[in-house]
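The structure appears right after this line, and notes come after that.
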Amino acid sequence: LGIEELILKTTSMTSEYNFPLSLLSGNKSGNSIRYLHLSSCVFRPTVRLGCFRSLKRKHLYHVSISGDELGCLLRDSVALEQLEFAYCNEIICLNISHLLLRLSDLKVAACHYLQVIKSEAHHLSSLFFAWFYHHVNISLGEALHVKKLKMLCFGAFYYEQPTIVPNLEALTIGSVCQIANIPSVHRKLCQLKYLKIRVPGETHGPVYDYYRSLASFLGASPSLETFIMHIHVPQTYVEHGLFTGDPSHLRQMPEHRYVKLKRARITGFYPAKSLLELASHVLETTTSLECLTLGTYCSCWHPDRDPAKCYLVAIKRYFEGKVSSTARLVVEGPCSGVRLKDYRWQESVTIDSHNDSDGSRLFLDEPRQGIASN
């Protein structure tokens, strides 16, 4: 029997405590360690310790360790399955050896001086990168096993060829500008089933062309089943970006057809031209669509607001007749359930299509929890 978990947590957020390597060197039971968690300390493995051959999970937070020292530590960890580190600001270059045959999960966050990530581990299946404000070069080789990729970054990742992720199934990115840097974005992402995008309002607004950026990307994902986009745009930007033009002026890409997309959601939706085009594109070209949900923050219910700028009025105008008989268009927000002469705060409203003698018509669910505005 020996130690299976080694956890060091301090109350300090600075790396002041020097971890004593003597605790590990020459430790006969060291090969039993399965989990290593270090936080807020200095860790300097300059020589191979030989005590991490059974280590499966390694987590480092606020640890003073260089890239070479981390590489020295990794060379001993031949059984490693998960590597996670954050706020390790001395690491400039991360090299992962091809000898780590079991490594499947890599998470890297907020290492502010990290410039290069180079991995030769052939069985990586899940990648997570977050909170980077600068450019990072990443090389994964032919990452044939990568199925999940999350990039919640404000900078940009640059992928060196021949990085490809042909079997990617789930993709989460923190900005639409990251799309241009996704490996194989100009190829078919044939296995992609789940796409989630967060759009920071500081860098995008009504002038950004969501439609052009995303429609082609969706068209390259024939197996996509779920599409989610969260938009965070300040209200002051929204006020200057509302589109009131003729519906016939909305752009179309009829050559794109989606036969597997079932669920789509856009939160923070407002009637900017490119967002109207994107939502209309999903409604008109998706034969398998079950539900499109638009989450809004419309404030037309307020007595000082102009009812003519109600988002639901715009949605009805531009999407009427575009909801198929097998799909639902659900609108969520403060003005949901609005009637032209009765502005109320509601949970949601469903716009459905029913075939009758008059053709397609809009159907609004009965209000559920209305709070009349003053």
When a/c reaches 1.5 or more, the comparison of a/b and b/c decides; with that in mind, is the range 1-142 rounded, prolate or oblate per its Cα gyration tensor?
oblate
Using only the heavy atoms of the protein chains and a 1.4 Å probe, how would 277, 90 rank by accessible area, largest first?
90, 277
If I ignore ligands, DNA and RNA and count only protein heavy atoms, how much of residue 68 is accessible to a 1.4 Å probe, in Å² to the nearest 10?
130 Å²
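The values are calculated or read from the model by the stated rules, or taken from the named source; none is laboratory data. Just so you know, these numbers come straight off a predicted model, no measurement behind them. Each accessible area value is taken on the protein alone, full model and side chains, heavy atoms only, with ligands, DNA and RNA left out. Shrake-Rupley method; radii C 1.70, N 1.55, O 1.52, S 1.80 Å.
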